[in-house]
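Structure first, then comments.
Taken together, the values in this text are just the output of simple stated rules run on the coordinates, not laboratory data. Quick caveat, the model's predicted, so the values are computed rather than measured. Reconstructed Cβ throughout: ideal geometry from the backbone, glycine too, with neighbour counts over all protein chains shown.
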Amino acid sequence: MHTLFVIAGKDAKVIMRDRAALLVMLAMPLALIFILGSALGSIGQGDSLDIDVAIVNMDTGDTGQRFVEGLTGSKEIEALFNIDVSDDAEAVRTAVEKGDLTAALIIPPDLSEKIAAGEPVGLEVLQDPGSKIAGGIWASVVRAGVANASAQIIAVHTLQEELAGAGAQPPASPGAAPRMPSMTFDAVAVREIEAQVDKRISMISYYSAGMTGMFLLFGSMFGAFGFVKERREQTLARMLSTPAGKLSIVGGKAVGVLMIGVGQFAVLLIGTKMLFGVDWGQNLGATVLVGAAEAVAAAGLAMTLAALGKSERSIGGIGPAAIMLFAATGGSMIPTEQLPKFLLPVQVISPVYWTVSGFLDVMRGASVADVLPGVGAVLAIGAVLFAFGTWRLRFE
Amino acid sequence: MGSIVQVTDLVKRFGDFTAVDGVSFSIEEGEVFGLLGPNGAGKTTTISTISCLLSPDGGDVVVGGHSVSGAAMAVKRELGVVPQEIALYPTLSAAENLAFWGRMYGLAGADLASAVDDALALAGLEDRSKERVEKYSGGMKRRINIAAGVLHRPKVLLMDEPTVGIDPQSRNHILQTVKDLNAGGMTVLYTSHYMEEVEFLCDRIAIMDHGKIIAMGTLNELREVVGGMDVIDVKVENVSDPVLEQVRAIPGVSQANRTDSALQVLTPGSGAVLGKLVATLESEGSHVTSITVTEPNLESVFLHLTGKSLRD
Ligand SMILES: Nc1ncnc2c1ncn2[C@@H]1O[C@H](COP(=O)(O)OP(=O)(O)O)[C@@H](O)[C@H]1O
Ligand SMILES: [Mg+2]
């Protein structure tokens, strides 16, 4: 056990003296964060023409349903919006707050009732303040839809009244106005509500999360380099001739990569904050947990790379390729929402995906409990990679 | 004093190839035991089996009463190993390298610090201890390589060709170091293909070739192998294969072979051979610069036993 940490400490020292390693693990991510993050605006659902909105219909009568049909049935509206019909008002609210949805329409439970009673009633249109234009378009679409529906309702009412009048009922007294429902276009107020907090993530913050999530895995490559180098230069054989067991050696190598990853993470976290003013969110504990979990995955990946690659050359090929694949599917480069659907299964096994999502969630206010499932996934991936690598590792 | 290392009928194969083929020897506590043989003889394979890097395919090795087959950890605790390759971390300093290897053997704190200081003194590199090993000369690296194997004061030190490829000054320093360590009570197994080193250092010597021990004993005992023969060393330029054959054909020559820039001839009586030898060489255009008749050395023993030179 003692020798495990002796080996880990030695490995960490050796990597820290490797200029190429420092360049790849620290300078490259900071440079890329700066370059990619300098693009204007923010990331997520921008003001594009595919505006994500949701409708929550809580109405117990059928007026609400008519609204929904009016909004979802139109070709023009479909071209502009991705409309999701949901019945979880809370989830939709959070999604708008997080910026996952641009806007939403929430239809209250008493809509039909109030209209029938001729009382004023409000529809709630939630908007993400980060995309005012798209939100505004949605609000006007809703208003038009309401006007349309109101006109229909009024027409129906009038028709009913007239049919009733022509029937058994005695004619109304002359001069008396027809009994119109008091519901008018104005009676259905469309309240535009801005989501409360601006949880938009700036480009620089997005890429800080993305690149950190990607580059934290690069420690694995240098760890694997170290292993094959020790095998070639016989320091591995020399270690094996000491009373330290194979388990201490493998464990020490893994913990060395983990230590390097944690140090790298600290530098990137502090570096992005100081250099670019990145806001990693309010919950440092959660951020550190997410980052540390990925350093564990990097340690596991180091073992797999050391087992698969016979030389620095082959590891230098396999390592970055695997990391790039994890990173591309994990949202390091472009938001995962914009990826082709067939890549989604790969995401689940990408430690980068869970890590980047975790970082972004904490930036938007997630707590330790919120990130735990992702952290668990990353640790599981790391454990599988470690087990596989250790099983296939060759010492001579 | 009993034997501290016992190698019994050791066999080690790599696939179909038998690198160590039934080797037996034992090393007494406190002695320097030499394993002499040309490249490929099986010296490193033997040492690797003793240090538990390779497991035997036959036979056994017992160190301090512990078998490599059943108690590898206990064996490793008795040993210090100086590998044939320089097995150090080039980007760490000499002091950092030594501290690392000391910790691997469980040293810590003040014990570790003083062991590192002693080891640096042993290597004669106290004043450059903070420099990275990659900046060192070959000889300095070799010395740190040795220091890293002894700083935990092992009972038995295994040294695998520790002087390969270095300048004479560093070599002398290393040979003296081995003498000093042994004087301090350390048992040493020293392998080499340089007979002078083994002659200088070792109490007993095993000569190894093709995975087998072909002779074993003290230097004097080994000389006896050559019997009453004289050894003629001829310093001569360009001896071609046909010339060598002609020399071997001279009556009275029992063996002849090329060494570095010389020709070595074994004969029961040098007087009867010298004249014919010089005549043969000169007539074939090989220019003789000097001729000496000496006592047999390990080179001649090897030549006598195998018909070839140690440094082929
Ligand atoms: N790992 C190995 N695989 C295959 N052959 C080996 C291996 N190690 C050594 N050998 C062979 O075994 C023989 C003895 O090698 P070695 O013990 O290194 O000799 P020495 O140290 O005396 O020069 C050589 O022919 C060498 O090629
Ligand atoms: Mg060798």
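Odds and ends about this structure:
- Rg/Rh ratio calculated on Cα atoms of the stretch B:1-109 (Kirkwood radius): 1.01
- Kirkwood Rh in Å, taken over all unlike Cα pairs in the stretch A:276-371: 14.5 Å
- A helix-only calculation puts chain B at -10500 deg cm²/dmol for mean residue ellipticity at 222 nm, using -39500 (n - 2.57) for each DSSP H run of at least four residues, averaged over all residues.
- Taking each of A:K98/A:K273; B:K135/B:K212; A:K10/B:K12; A:K13/A:K98; A:K253/B:K135 in turn, the alpha-carbon distance tops 31 angstrom for B:K135/B:K212; A:K10/B:K12; A:K13/A:K98.
- The stretch B:81-171, relative contact order [Cα under 8 Å, separation at least 6], %: 44 percent
- Ranked A:M363, B:M186, criterion: other C-beta atoms within 10 Å, fewest first: B:M186, A:M363
- Percent of beta bridges antiparallel (DSSP, the protein assembly as shown, rounded to nearest 5): 55 percent
- Electrostatic dipole magnitude of chain B [Cβ: Lys, Arg +1; Asp, Glu -1; Cα centre; debye, to 20]: 600 debye
- Ascending count of other beta-carbon atoms within 10 Å, so fewest first, for A:D62, B:D117, B:D230, A:D128: A:D62, B:D117, B:D230, A:D128
- Taking label positions 7 Å along the Cα-Cβ direction at both A:S86 and B:E237, the computed distance is 9.5 nm, reported to one decimal.
- Degrees separating the helix B:274-283 axis from the principal Cα axis of chain B, which is the longest one: 80 degrees
- Relative contact order (%) - criterion: Cα under 8 Å, at least six apart; region: chain B: 19 percent
- Distance cut-off 43 Å, percentage of C-alpha pairs in the protein assembly as shown lying past it: 52 percent
- GNM flexibility winner over chain B from B:S170, B:S283, B:S137 (Cα, springs under 10 Å): B:S283
- Average Cα contact separation per residue, the stretch A:232-334, under 8 Å, 6 or more apart, as relative contact order %: 26 percent
- Here the residues A:W391, A:W138, ranked from fewest to most Cβ neighbours within 10 Å of their Cβ, fall in the order A:W391, A:W138.
- Label point 7 Å beyond Cα of B:E29 along Cβ direction - residues of the stretch B:202-218 with amide nitrogen under 19 Å: B:203-204
- For chain B, pairs of C-alpha atoms spaced more than 26 angstrom apart make up 52 percent of the total.
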